[in-house]
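In what follows, a single structure is set out as structure tokens and then discussed.
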Amino acid sequence: MTLSFESARAKAGWRLLLAWLLLNALLLTPELPWAGFPPHHWLALEAPLLIGLLLLLPPSRLRRWACAAVALIGVTIALGALGDGLMQAMQGRSINLYTDVSLLPILIELLVANLGLPLTLALTCGLGLALFAVGWALTALLAANHRPPLPRGLGVVLLAVGAGGLALQHAGRLESTPIGSPALGFVTFEWQRALETRNALAAFGGELQSDPGARALPGLAGTDVVLGFIESYGVAAIEREPFADEIRPRLAQVQAELAAAGLSMVTGRVTASTLGGQSWLNHATLLSGLPITSQLRFELMLNRHHSTLVDDFAASDHRTLAVMPGIIRDWPEGRQLGYDEIHTADSLGYRGPPMGWASMPDQFTWKRVGDYLDAAAASTNATTPTSRATFAELATLSSHAPWSPVITLVDWNRVGDGEVFSRWAGAGDDYASLWQNTEAMRAHYAPAIDYALQAAAGFAERQVGKHTLMLILGDHQAAPSIIGPSPGKDVPLHVISGDPALLEGFLHNGFRPGALPPGPEQAIPMSQIRALLHRIYAAAPALSRPAAAHGS
């Protein structure tokens, strides 16, 4: 009988050891996103602390629930670490649970768009089942440790090891040892940041209340303004190898071609609000003049009806137009921003094949913008001698991750309804598999940016004249996993016009002639571009421009 009891107790001891190893592994996961494998520490002090507490509880339903709660803590910590790792790879920052939870529906939508519904369901179900299996196994191991009960003294020892270790760590005595408390550090950090984020959002609410309202831009009266965002176009494409080998020569060629067409060009450096994604936050930042760094801020801005450049151009008697080929369903945010006219994927009249992730190629999008500008000018000239200029905003797609397929420009006169792009039908349909091949995506990145720049430059040559101001900028840098660690958030801003006088103000504010951006010391926060435009174009030009001279 004694031998049988001792054998059972030995089995309980082995179960306890397995439970400790599994819980310890889960609690060490917060270190993996920044330290890699192996983690910085080998022993998580939270593990003996929690297991010690469980051993001191008497066998009961409460103890079983406590075991499940400890397993849930471990699995939740691991899930948070997984999210942190994804955020580090995609956006170069740690996860912020206070604001990033609201991104889950958007993340699921992106997964479906990029991987397809079946693969998305398989991945999410697989992840859920894996986490459930780990949690169930840990709960079973912890709950079985009271059959037969292990010595209560063991619980006291483990509790003392955990609590004493945390005390020593707090006193700085364990800094150079493989012992730490990464899970506690993760929870503490997230809690403190949640409080800071809440306070920051409260302060942001104050900024929203101090909205000065719409302000006209007299210096752009009668001037068509085109604001184009190039997806994933950051300064890393210009300054980092191997991308610079392809992009810098392209920019030099674009500069020469625009000059030959009688156009002037200056370039600045702008610090975006995000890195690696969430383009709409940067669009909103530039339009509103506020740092829209999270989905919560974006929603607050919309709900408070804060004025934007859309309102400013409306106050300047511009017709306001949004061209968003990436919007594939209802877009209430666009209506809230107050554009006079909105064109999304369904209303652009594209009849060609999709281009991998993108619904249509950039050249078609730019051609449509030109068509809308021409139609507005023709309508205005036919009805009234005084022009109502257009402010057009667009967001391109061809340089969106995973940057496949990379196509070439076609004859602009043959773009039509997009059927000319049928030669690339089926190209890039393997974009789901590309997400699993970082090297392949990296190889496609520069060619995709190259194509996007060619399309934008082709539009400029065809459409930009003395009474047009064109602003082309990246919405954000590409993900750090593609362009390398610590890339920063800077993007180029190219400003083009047939009237050099329209560009002089930019030269006085850190921009420089040509297609290459200045250094980081000249970077301007994207939230200050609205104010910059008001400083430059606060006064009407000395000589009024002919109202109906669109594109001349």
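The values are calculated or read from the model by the stated rules, or taken from the named source; none is laboratory data. These numbers were taken from a predicted model, which means no experiment stands behind them. Using ideal geometry, Cβ is built from the backbone for each residue, glycine included, and neighbour counts are taken over all protein chains shown. The protein model used for the area step is the full one, side chains on, heavy atoms only, and it has no ligands, DNA or RNA in it. Shrake-Rupley method; radii C 1.70, N 1.55, O 1.52, S 1.80 Å.
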Within the range 521-540, the residues that are in contact with a Ser or Thr (Cβ under 9 Å, 6 or more places away or on another chain) and farther than 20 Å from E393 by Cα are A523, I524
Within the set of pairs 6+ apart or on separate chains, which have a first residue in the range 521-538 that is open to solvent by less than 40 Å² (accessible area, probe 1.4 Å), a second that is among the charged types (D, E, K, R), and C-beta atoms under 6 Å apart?
A523/R269; A523/D490
Tell me, please, whether a residue that is more than 28 Å from G498 (Cβ to Cβ) and assigned to a helix (DSSP H, G or I) can be found in the range 265-279.
yes
Does the range 209-242 hold any residues that are under 30 Å from G80 (Cβ atoms) and in a helix (DSSP H, G or I), and which are they?
A236
What number goes with the only condition from (1) of a type in the set (S, T, N, Q); (2) farther than 30 Å from G219 by Cβ; (3) open to solvent by 10 Å² or more (accessible area, probe 1.4 Å) that Q363 does not pass?
(3)
I need the full set of residues from the range 347-369 which are outside any helix (DSSP H, G or I) and among the aliphatic types (A, V, I, L, M), in order please.
L348, M355, A358, M360
Among what's in the range 33-54 and is more than 18 Å from T188 (Cβ to Cβ) and open to solvent by 20 Å² or more (accessible area, probe 1.4 Å), pick the residue that is nearest to the chain's Cα centre (by Cα).
G36
Polar (S, T, N, Q), within 30 Å of L469 (Cβ to Cβ) and surrounded by fewer than 17 Cβ atoms within 10 Å (Cβ to Cβ): is that true of Q209 in this structure?
no
From the options A78, A71, A66, residue that is out of contact with any Lys or Arg (no Cβ under 8 Å at 6 or more places or on another chain), under 18 Å from G180 (Cβ atoms) and either of a type in the set (F, W, Y) or part of a helix (DSSP H, G or I) (or both)
A78
Give the range 474-515 a look and list any residue that's among the charged types (D, E, K, R) and closer than 21 Å to H283 by Cβ, or say none.
D475, K489, D490
Every pair of residues 6+ apart whose Cβ atoms lie under 7 Å, when the first sits in the range 175-198 and is farther than 19 Å from V70 by Cα while the second is of a type in the set (S, T, Y) and assigned to a helix (DSSP H, G or I):
R193/Y98; A194/Y98; T197/Y98; T197/T99; R198/Y98
Applying the selection to the range 428-444, what residues are of a type outside the set (D, E, K, R) and open to solvent by 30 Å² or more (accessible area, probe 1.4 Å)?
Y431, S433, W435, Q436, N437, T438, A443, H444
Within the range 265-307, the count of residues that are under 13 Å from G338 (Cα atoms) and in contact with a Gly (Cβ under 8 Å, 6 or more places away or on another chain) comes to 1
Residues satisfying the stated conditions in the range 167-190, i.e. loosely packed, with under 12 Cβ neighbours inside 10 Å and part of a helix (DSSP H, G or I)
H170, T188
Within the set of pairs 6 or more residues apart or between chains, which connect a residue that is at pLDDT 80 or above inside the range 1-23 to a residue that is surrounded by fewer than 11 Cβ atoms within 10 Å (Cβ to Cβ) and of a type in the set (K, R) with Cβ atoms less than 9 Å apart?
none
With the range 295-346 as the region, which helices (runs of 4 or more DSSP H) entirely inside it contain at least 2 residues that are touching a Lys or Arg at 6+ places or on another chain (Cβ under 9 Å) and open to solvent by 20 Å² or more (accessible area, probe 1.4 Å)?
309-315
Here's a check for you: in the range 68-104, which residue that is touching a Ser or Thr at 6+ places or on another chain (Cβ under 6 Å), at pLDDT below 80 and not hydroxyl-bearing (S, T, Y) is most open to solvent (accessible area, probe 1.4 Å)?
A89
Between a residue in the range 234-249 that is within 20 Å of N282 (Cβ to Cβ) and any residue that is open to solvent by less than 70 Å² (accessible area, probe 1.4 Å) and among the basic types (K, R), which pairs come within a Cβ distance under 8 Å, given they are 6 or more apart or on different chains?
V235/R269
Inside the range 55-67, can you point out the residues that are surrounded by fewer than 21 Cβ atoms within 10 Å (Cβ to Cβ), modelled with pLDDT of 80 or more and of a type outside the set (G, A, S)?
L56, L57, P58, R61, L62, R63, R64, W65
Would you mind finding the one in A460, A455, A448 that is in a helix (DSSP H, G or I) and over 25 Å from R351 (Cβ atoms)?
A460
Within the range 387-414, can you find the residues that are of a type outside the set (D, E, K, R), open to solvent by 10 Å² or more (accessible area, probe 1.4 Å) and more than 24 Å from the chain's Cα centre (by Cα)?
S387, I407, T408, L409, V410, W412, N413
Test result for D371, at pLDDT below 85 and exposed (fewer than 15 other Cβ atoms within 10 Å of the Cβ):
no
